[in-house]
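Peer 1: First, the structure itself, so that you have it in front of you.
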Amino acid sequence: MDIVEHLREAILLGTHPPGTVLSQSDLARDYGVSRIPVRDALQALAAEKLVEVVPGKGARVIHLDPAALREVYDLRLLLECDLLQRAIAAADAVARLDVEYALRRTALTAGKTGWPAGDWDFHAALYAPAARPRQCALVRDLRRICTIHASGYDTLASDTPRWLADHDALALAFAQGDAQTAVAVLQQHIGAAADALLGA
């Protein structure tokens, strides 16, 4: 695993919480490399909007205030519901199987280290038939912002059954071609995640 991948994973899992300063010299020492590859890694993560470069210090893990986070969730609602509607309209038998397989894989990682990757795999499978890679990339980046800020909240374990039930309902509606039900479930799913982090 290279430095970019390792740091990205550490940020998404909450090892480096929002607002943490990532010192180039400290990271270079930890990884046993010069500061140049660390600097390059931080710049790559800044391009992904996971960190903000701090002149003379290195970088800081992004930290959004509640209003900004609410905006992120609102954008997710718009973009993800649109993707889901388009995907259901375009889905074929292969796409429905892909969603079913992704659902099973996600259930294996639920509530465990690495759950954000499994969660995204499921949602990515849902949205793939829409064939809108740029919109999916925007959604992925917005979801990463949410993951960074949610990585430390202590209700994840108790919320896991609800997330899994939502996934089951989404997969069923997708398989049945029921866009109206699927979008309603997705709206509730994203809204509940926002409320868990920000409060109702």
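The values are calculated or read from the model by the stated rules, or taken from the named source; none is laboratory data. Values in this document were obtained by computation on a predicted structure and should not be read as measured data. Cβ placement follows ideal geometry from the backbone for every residue including glycine, while neighbour counts extend to all protein chains displayed.
Peer 1: Restricting the search to region 122-137, which residues are buried (at least 16 other Cβ atoms within 10 Å of the Cβ) and either aliphatic (A, V, I, L, M) or outside any loop (DSSP other than H, G, I, E, B) (or both)? Before the answer, list the steps.
Peer 2: Step one: of region 122-137, the residues buried (at least 16 other Cβ atoms within 10 Å of the Cβ) are 122-130, 132, 135-136.
The answer is Phe122, His123, Ala124, Ala125, Leu126, Tyr127, Ala128, Pro129, Ala130, Gln135, Cys136.
Peer 1: Same structure, new question: Mind listing just one residue for me: the one in region 47-69 that is over 11 Å from His149 (Cβ atoms) and either at pLDDT 95 or above or small (Gly, Ala, Ser) (or both) and, of those, surrounded by the most Cβ atoms within 10 Å (Cβ to Cβ)? Walk me through how you get there before you give the answer.
Peer 2: At the first step, the residues of region 47-69 found to be over 11 Å from His149 (Cβ atoms) are 47-60, 67.
So of that shortlist, the ones also either at pLDDT 95 or above or small (Gly, Ala, Ser) (or both) come out as 47, 56, 58-59, 67.
Working: Ala47: 9, Gly56: 6, Gly58: 20, Ala59: 25, Ala67: 8.
So the residue we want is Ala59.
Peer 1: Looking only at region 111-170, which residues are at pLDDT 90 or above and among the small types (Gly, Ala, Ser)?
Peer 2: Ala124, Ala125, Ala128, Ala130, Ala131, Ala137, Ala165, Ala169
Peer 1: Would you say Val99 is modelled with pLDDT of 90 or more, farther than 30 Å from Ala169 by Cα and surrounded by 14 or more Cβ atoms within 10 Å (Cβ to Cβ)?
Peer 2: So Val99 does not fit the description; no.
Peer 1: Could you tell me which numbered condition Ala28 fails, if it satisfies all but one of (1) in contact (Cβ under 8 Å) with a residue 12 or more places away in the chain; (2) small (Gly, Ala, Ser); (3) at negative phi; (4) surrounded by 15 or more Cβ atoms within 10 Å (Cβ to Cβ)?
Peer 2: Condition (1) is where Ala28 drops out.
Peer 1: Could you pull out every one of the strands (runs of 3 or more DSSP E) wholly within region 1-87 that has 1 or more residues that are of a type in the set (S, T, N, Q)? Outline the logic, then answer.
Peer 2: Values: elements: 21-23, 51-54, 58-61.
Ranges flagged: 21-23.
Peer 1: Among the residues of region 37-68, write down those that are in contact (Cβ under 8 Å) with a residue 40 or more places away in the chain and of a type in the set (Asp, Glu).
Peer 2: The initial filter retains those residues of region 37-68 that are in contact (Cβ under 8 Å) with a residue 40 or more places away in the chain, namely 44-45, 48-51, 60-64, 66.
Of everything in region 37-68, just one residue is in contact (Cβ under 8 Å) with a residue 40 or more places away in the chain and of a type in the set (Asp, Glu), namely Glu48.
Peer 1: Test Tyr73 against the stated conditions and say whether it is under 15 Å from the mean Cα position of the chain (by Cα), of a type outside the set (Asp, Glu) and farther than 19 Å from Ala10 by Cα.
Peer 2: Numbers: under 15 Å from the mean Cα position of the chain (by Cα): yes; of a type outside the set (Asp, Glu): yes; farther than 19 Å from Ala10 by Cα: yes.
Against the criterion (under 15 Å from the mean Cα position of the chain (by Cα), of a type outside the set (Asp, Glu) and farther than 19 Å from Ala10 by Cα), Tyr73 qualifies.
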